[in-house]
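Each remark here refers to the structure printed beneath this line.
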Amino acid sequence: MSMRATLNDAVKQAMKDRATHRLSTLRLVNAAIKDLDISMRAEGRDDGAGDPEILQILSKMVKQRQESARTYEEGGRIDLAERETDEIEIIEEFLPKKLTEDEVASAIDAAIAEVGASSIRDMGKIMGALKAKYTGQMDFGLVGALVKARLN
């Protein structure tokens, strides 16, 4: 089943369960996907967002909410921080399982070997290979620093 179908089924279930917070979060996700579909159509791509693009959207939404939660906590708005955290949990249900540190390290090693990287100039190729295989499974902000450390 595609990510889009899974999300639509979750929206229907949230409606049946009268889970208003879950429903509003899932509707935000669907709205982001529709925005991407529209921008893809403007570029001449009529196929719409596929699973890799949807995973990128979900990852981006989680990251945005983490930053918002951190900001709310610093501002003393714990209630709003908790709401953001709840949304993160709902969105993460649809993301693949996060890789452990050991799995990330082995994925980096495999990507370096696959690309044949020898210097920091090859970092873009490595990151591209990792994003193609592990979208939603690792934090690429942290991975970038690990790759850089391995190549130096």
Residues within the range 89-102 that are assigned to a helix (DSSP H, G or I) and open to solvent by 70 Å² or more (accessible area, probe 1.4 Å), tallied: 4
Leading residue by the ranking (least open to solvent (accessible area, probe 1.4 Å)) among those in the range 103-135 that are assigned to a helix (DSSP H, G or I) and closer than 17 Å to Pro52 by Cα: Leu130
Meets criteria (under 19 Å from Asp139 (Cβ atoms), open to solvent by less than 90 Å² (accessible area, probe 1.4 Å) and either in contact (Cβ under 8 Å) with a residue 40 or more places away in the chain or of a type outside the set (Gly, Ala, Ser) (or both)) for Ile57: yes
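The values are calculated or read from the model by the stated rules, or taken from the named source; none is laboratory data. Just so it is clear, the structure is predicted and the values come from calculations on it, not from any experiment. Positions of Cβ are backbone-derived with ideal geometry, glycine not excepted, and every protein chain shown enters the neighbour counts. Please note that ligands, DNA and RNA were not included when accessible areas were found on the heavy atoms of the full protein model with its side chains. Shrake-Rupley method; radii C 1.70, N 1.55, O 1.52, S 1.80 Å.
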